[in-house]
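Derivation of every value follows stated rules applied to the coordinates shown; laboratory data play no part. It should be emphasised that the depicted structure is a prediction, and the values quoted were computed from it without experimental measurement. With ideal geometry, Cβ positions are generated from the backbone for all residues, glycine too; neighbour counts draw on all protein chains shown.
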Amino acid sequence: MTDHSKYLMETRDLKTYFPVGQGKTLHAVDGINLRIPRGQTLGVVGESGCGKSTLGRSILRLIEPTDGQILMDGVDITKLKRSEMRKLRTDMQIIFQDPYSSLDPRMTIEDSIAEPLLVNKIYKTKAEAYARVDELMETVGLAQRNASLFPHEISGGLRQRVGIARALATNPKFIVCDEPVSALDVSIQAQILNLLMDLQEQMGLTYLFITHDLSVVKHISHNIAVMYLGQCVEMAPSNEIFREPKHPYTQALLDAIPTASLATRERELKIIRGEVASPIDPAPGCRFAARCPYATERCRTENPVFREISPDHWVACHEVQ
Amino acid sequence: MSQELLHVKDLHISFKAKGKDVRAVTGVDFTVDKGQTMGIVGESGAGKSVLGLSILRLLPDATAYIPQGSIEFKGNDLLKLSKKDMQKVRGDQISMIFQDPMTSLNPVMSVGDQIIEALRYHNKDKLNKAQLEQRVDEVMELVGIPAYRKKEYPHQFSGGMRQRVVIAIALVCNPELLIADEPTTALDVTIQAQVLAIIRDLQKKLGTAMVLITHDLGIVAQMCDKVGVMYAGEMVEHGSIEDIFSGDFHHPYTMGLFGSIPNLETESKRLSPIPGLMPPPNNLPEGCRFHPRCKHCMEICKTVAPEKYYDKEGHYVACHLFRDKGKEENHD
C-alpha cells in the first residue's frame, strides 16, 4: 500500500512503445517504476536515446503510454477522459529544453505567459490575467520592460525564464523539466538552476528533472533515477548514488564525467566500451550486458528485476547483492 | 632551441556588418609549444571559434578581416601566405576537428574516401594507390574503427564513430598542430570519455600539439597543459593548468565560471552565478568589458581597459584588482 500523502507522482510499470513498421516495435520506455515525494525533485539521467524525454512526456500523457499506471495524487490518470485530463493539466506542467523553439515567435513575452491563463479560463477578465502575468514575470526575474518584446529580441536565458513563467502560470503542483538548462551557457545555467530551486522552496513544487548532465542533476535532485535503454537501472537518494553507485552502468557514467579539478587528472578513466544498442525489439536479458564488465550468462538471458536493496535504493542488476 | 610551434601575437579579428565593424577578437596573445595542449575556454560568443578558424584562415573573406596581429607557425606568419601556400598547410601541418560530426562529413562519400582525400591532396611521400589505402587502414585502426568499415557512409555510423572518422581525417597527414573546436560537445558522456581518451593517446604517440576550444572546464582540467580564458573577444586570464585551477590570483570572470558549475565532490546549496549576460560584440562596454557583471567593479573599471598583470611568468590576469598585486607586462 502506497502512502498517497507522501508521494505526489508515481508510475507503475509504465511502458511507451512505438511501432516502427515491419511489425517491429521501439521500446522507448519499458516498465518504469518511479515515486516522487511531494515537494521534492527526482532527477532522471541517461544518455541520448535512453527514453528519458519520452518518459517525461508519457507521464503528462503528451505521448499516450502503451501500458502501466501513472498515479498523480493517488489518481490513475491513464484512465481519465480527455476533458478530465484537461482540467488536471493545470496541475501538471512542462518546461522544455529549447527556449528557442518552444515559444511562439509571433507572440510577445506577456502574451506567451498569458496564454495558459486564458486557455484554461483561470481569470474572468483579461485585465486580471495580465495582472497575474506581471506577478509571474517578477517571480521569474523578467523585467517589465521585456513584456512587449518578441522571443527573438531576448537572450536564451531570458527565454527560458519565459518558459518557466508559462509553466508556473496555472499554479501547478508538478513540473516536468526536460533538459531546461542544456541549451544555456554555464553562467546562465546557474542562474536558472537557482531560480528553479527557489521556486520549489517557495511554492512546494515537485519536479521530474530530466538531464544528461550529472553535475546538474546532483545539484538539484533529492533522488536520482538512472535510465538505460528505456529501463530504470538504479534509483537512490542523490548523495547515495554519487557516493555508492551500485549498478555498473551508473558507475561507468560517473567515471566518464571529466571533473573540473586537477586531482583526478592523472587518474586513468575507466571507460566502458561499445555503444548503446538499439531499442527496437531488444533482446531478452539485461540491456547493459553487452557493455558490462561483470556480465554473466544469466545477465544475457534473464532480465534483472528492479528491487530495493536498502531503504530507497533500487537497483536492477543480478550481480548486486 | 625553441620548441615554439604556434605564436599568436596581438591578434584582432573584426567582421564588417552593415557598414560597422564588429570586433569579435581583440588583442589575443598566446603560444603553443610542440606536443602541448592549449585550452581556450569561454561561453558562446566569446570569440573562441573565430579564433580557432582564423589560425587556419577559414574565416569568410567577404566579411571577416584581421586589422592587426600575426599568427606565426614555425616562425612563418600564416596571415602573409598566399592562398596556394595556405592550402599546403591546411590538413597537412595543421588540421581541424569540428564540433558536429553530423555536418562536417560529406554524406555522399564513403568514409574511406574522405580520409584518403586529404592524404592524396598532400601526398608528401609520393605514395602509390595501394600505399594510400594502407595508410587509411592504419589511421582507422588508430582511432578504433575496424578498417573493413571504410566503404561505409557517414549515416551508417553512430555519433561517436563519426567523430572518430573526423579525427582520422585530421590525423591522416600527421599534422604538427590540431585545432579541436568543441570536439565532444555533441557526444554523450561515455562516448565523450572514449573520444577524449583516443585524442590523448594519439597526442602521446604522435607528439601532436593541440588548441582545444571548449566551454567545459572539466575537459580542460583533464586534457590541457595551459589555458586561456576568453570573455567578449579578449583573453582575460592566461596561465598553466595549475595556475588556473589553483591559487587565488584569478580574473573575476574565471571565478564566476567556476562558481557556476555544480561541483560533484563537495556539497553546495546554491550556485553563485555571474549576473547578467555577455555583451554582444557590436555593443561592447567602455573600460573593462566585464565590468557591468563584475561584483568587484570599481570606478576605474568603467573607463579604463585593464592591462595584463602577471603574478609569474606566463600567468596573467587582465583586471584592475591586481594592479598592485601583480607585475605589469614587461615589454622585452
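Results, tabulated for the structure shown:
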quantity	calculated
Dipole moment magnitude, nearest 20 debye, the protein assembly as shown about Cα centre, only Lys, Arg, Asp, Glu C-beta charged	1420 debye
Cα→Cβ-extended label distance, 7 Å offset, between A:Ser155 and B:Lys126, nm	5.9 nm
Gaussian network model of chain B, Cα within-10 Å springs - most flexible of B:Pro279, B:Pro60, B:Pro175	B:Pro60
Amide H contacts under 5 Å for B:Gly27, placed H, 5+ residues apart	B:Leu11, B:His12, B:Ile13
Cα centroid of region A:277-301 to Cα centroid of region A:99-126, whole Å	46 Å
For a label point 7 Å along the Cα-to-beta-carbon line of B:Asp100, residues of region B:32-60 with backbone N under 20 Å	B:42-54, B:58-60
Approximate spin-label separation B:Asp61-A:Arg265, in nm, with each point projected 7 Å along Cα-to-Cβ	4.2 nm
The protein assembly as shown shape via C-alpha gyration tensor axes, a/c threshold 1.5	oblate
Estimated dipole of region B:65-159 in Debye, rounded to 20 [Cβ of Lys and Arg +1, of Asp and Glu -1, Cα centre]	340 debye
R0 of 25 Å, Cβ-Cβ distance B:Tyr148-B:Lys205: FRET efficiency to nearest 0.05	0.60
Residues A:Lys87 and A:Arg38, FRET efficiency given R0 of 22 Å [Cβ-Cβ distance, rounded to 0.05]	0.60
Tensor-based shape of region A:261-321 (alpha-carbon gyration tensor, a/c under 1.5 rounded, otherwise prolate or oblate)	oblate
Per-residue Cβ neighbour rank within 10 angstrom, fewest leading, B:Cys288, A:Cys299, B:Cys297	B:Cys297, A:Cys299, B:Cys288
Sequence-distant residues sharing a close amide H with A:Val29 (under 5 Å, placed H)	A:Thr16
Measure of compaction for chain B (Cα Rg per 2.2 N^0.38 Å)	1.04
Angle between chain B longest axis and helix B:129-142 axis [Cα atoms, degrees, rounded to 10]	50 degrees
Helix axis angle, A:126-139 relative to chain A longest principal axis, alpha carbon, degrees	50 degrees
Whether region A:139-188 is rounded, prolate or oblate, judged on the alpha carbon gyration tensor where a/c under 1.5 counts as rounded	oblate
Degrees between helix A:186-203 axis and first principal axis of chain A (Cα, 0 to 90, nearest 10)	80 degrees
Where labels lie 7 Å past Cα in the beta-carbon direction, separation of A:Glu297 and B:Ser70 in nm	7.2 nm
Cα pair count fraction exceeding 32 Å, expressed as % - region A:7-237	19 percent
Test item: B:252-262 mean partner chain Cβ contacts at 10 Å	4
Residue-averaged [θ]222 nm for the protein assembly as shown, counting only DSSP H segments that reach four residues, each worth -39500 (n - 2.57)	-8500 deg cm²/dmol
Neighbour-count ranking [beta-carbon atoms within 10 angstrom, fewest first] of B:His291, A:His247	B:His291, A:His247
Ranked B:Asp225, A:Asp76, criterion: other C-beta atoms within 10 Å, fewest first	A:Asp76, B:Asp225
